[in-house]
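**Q** One structure coming up, written as structure tokens, with questions to follow.
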Amino acid sequence: MDVIEVEGGRHIEGSVQVEGAKNSALKLMAATIMAPGVTTLTNVPNIADVHVMGKVLKYLGATIDVLDEHTLAIDTSNVDKWETPYSLVSQMRASTAVMGPLISRFGRAIVAMPGGCNIGARKIDMHILGLEALGVSFKIDHGNINATTPDGLTGSSVMLSFASVGATENLMMASVFAKGTTVIDNAAREPEIVDLANMLNEMGAKITGAGTPVIEIEGVKELHPVEHRVVGDRIEAGTFIAIGAIAGGPVTVTGFDPVHLGLVLRKYEQMGIRIDRFENGVTASRTGDIIPVDIQTLPFPGFPTDMQAQTMGLLALAKGSCVITENVFENRFMFASELQRMGANITIEGHHAIVRGVPAFSGAEVQASDLRAGAALVMAGLVADGTTVVSNIHHIDRGYEKFVEKLDALGAAARRTTRPDEDVFKD
């Protein structure tokens, strides 16, 4: 079992450059299915989820050449399957992003019901309802979603009941080849949606309104391969900003657009964190107490659910009490019980967490319940008294490249190590 051990109390200061956005790279990789030929993606993060998506594409018939550590040349000329196996989809919910591209290219898709982080239901029903409006027929059996288009794809108006990122992306990709015009109302507005729309437009799509609540797609006949750079990862950036905030810093984080963390940065400033913005990053530092501030997660441009755990870790050391409200995923407070093992005072009431600040954390053995919780527990260990051991770090590998190495470059005493298997039935 791999774990991350952190010795608390080291001075944290320096600079870190974030990688390309996980939540963008995965969808861009899926979109290459729609443009037979070689599409080159640069600034791709070298993380576990990208490796899984690569396996999905290879299973479908694509070939992938790794040109350098962060550049992939994806050739989808010979993609000849439209079914994704559960063995891969179960490892990552984002695997369902291939459904829209497969429907666009082949008029059909068979996709296993999704897996991924255990943070709550990411219902596929909005994807299905939206795609049905375009002419897609669905049958669900044996754990698979079977999609067909008996009469082809026809543009339509679709109103999403929730601004779902995944549903917006699948609808956008499926409608690129639909006859006529498709309008997605109450569309997700995340920067990763804009990045996907930009690449599709570079390929020859006609998409307007990405980044607003209404996206309009005029159907086209075909797309062509391109070279595209993945947008910087705002959540990785936010994680290192939170690290600078909890440890004092200063920590300079580069490789992303600060506008993509607008509300997070404003909330952190209200907490007493100094945030100095520049063109492609920020510097975060703190000299006084952490001021308690209420937080509620919402789709972009609201406070991102993917920054909730890191921010809870920060507010658990505030001078006073506050309330964190989770509006996106119902199980995302699983992290709180692990932080309590380190001395935090947190009470969960439904989708609210009442956080009462404590003077300090103490090192403990804790488990990552999901990707962001894992990073937040390591972050807490940086300022805890003694040593913190974080297990289940495969979650961290899904979204952070060289996480320990980047921490050590900031002055942390962190190391990744393998603990022996203690299975009593083994010799």
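**Q** What is the angle, in °, between the Cα long axis of helix 22-31 and the longest principal axis of the Cα atoms in the chain? Nearest 10 is fine, range 0 to 90.
**A** 10 degrees
**Q** What shape does the range 149-276 take by its C-alpha gyration tensor, where a ≥ b ≥ c are the square roots of the eigenvalues and a/c under 1.5 counts as rounded, a/b above b/c as prolate, and the rest as oblate?
**A** Taking the square roots of the gyration eigenvalues as a ≥ b ≥ c, the range 149-276 is prolate.
**Q** Something else about it: Hey, what number do you get for the chain at 222 nm if only DSSP H runs of n ≥ 4 count, each worth -39500 (n - 2.57), divided across all residues, to the nearest 500?
**A** Taken over the chain, the calculation gives -8500 deg cm²/dmol.
**Q** On C-alpha positions alone, give me the angle between the axis of helix 48-60 and the longest principal axis of the chain, in degrees, nearest 10.
**A** 20 degrees
**Q** Further, regarding this structure: What residue among Val165, Val176, Val18 shows peak mean-square fluctuation when the chain is described by a Gaussian network model with Cα springs under 10 Å?
**A** In the Gaussian network model the winner is Val165.
**Q** Next up: If you work out semi-axes √(5λ) of the Cα gyration tensor in Å from the coordinates, which of (i) 48, 23, 18; (ii) 29, 25, 22; (iii) 38, 23, 21 do you get?
**A** Read-out taken from this structure: (iii).
**Q** Note the angle between two axes, namely the Cα long axis of helix 234-247 and the longest principal axis of the Cα atoms of the chain, as a number of degrees from 0 to 90, rounded to the nearest 10.
**A** So the inclination is approximately 0 degrees.
**Q** Exactly which trypsin sites (Lys or Arg not before Pro) in the range 317-346 are in a DSSP loop and have at most 13 other Cβ atoms within 10 Å?
**A** Passing sites in the range 317-346 are Lys319.
**Q** When a/c is below 1.5 the answer is rounded, else prolate if a/b is larger than b/c, else oblate, so apply that to the range 241-397 with a ≥ b ≥ c taken from the square roots of the Cα gyration tensor eigenvalues.
**A** In terms of gyration-tensor shape, rounded.
**Q** With a cut-off of 8 Å between alpha carbons and a minimum separation of six or more residues, what is the relative contact order of the range 347-407 in percent? The partial results should precede the final answer.
**A** Numbers: 70 pairs, mean separation 20.6, N = 61.
Relative contact order of the range 347-407: 34 percent.
**Q** Want the number for Asn345 to Ile140: 0.36 nm per residue separation, take away the alpha-carbon distance, what's left?
**A** Here the segment from Asn345 to Ile140 would lengthen by 69.4 nm.
**Q** Remind me, relative contact order of the chain in percent, using alpha carbon pairs under 8 angstrom and six or more residues apart?
**A** The normalised contact order for the chain reaches 21 percent.
**Q** Based on the Cα gyration tensor of the range 15-65, what are the three equivalent ellipsoid semi-axes, each the root of five times an eigenvalue, rounded to whole Å and given largest first?
**A** Semi-axis lengths for the range 15-65 are 21, 12, 9 Å.
**Q** Okay, moving on. Toward the positive end of the charge dipole of the chain, about the Cα centre and with charges on Cβ (Lys, Arg +1; Asp, Glu -1), which of Ser321, Thr32, Gly343 goes farthest?
**A** Looking along the dipole axis, the top candidate is Ser321.
**Q** Suppose a student asked you for the relative contact order of the range 1-158, using Cα pairs under 8 Å spaced at least 6 residues apart; what percent would you report?
**A** 18 percent
**Q** Size of the dipole of the chain about the Cα centre, Lys and Arg at +1 and Asp and Glu at -1 on the beta carbon, nothing else charged, in debye to 20?
**A** About 500 debye.
**Q** Measure up Lys319/Lys406; Lys58/Lys139; Lys22/Lys402 against 18 Å on the Cα-Cα distance and list the ones that go over.
**A** Distance filter (> 18 Å) returns Lys319/Lys406; Lys58/Lys139.
None of the figures in this text is laboratory data; all of them are computed from the coordinates on show. Computed from a predicted structure; not experimentally measured. Virtual Cβ from ideal backbone geometry, glycine too; neighbours counted across all protein chains shown.
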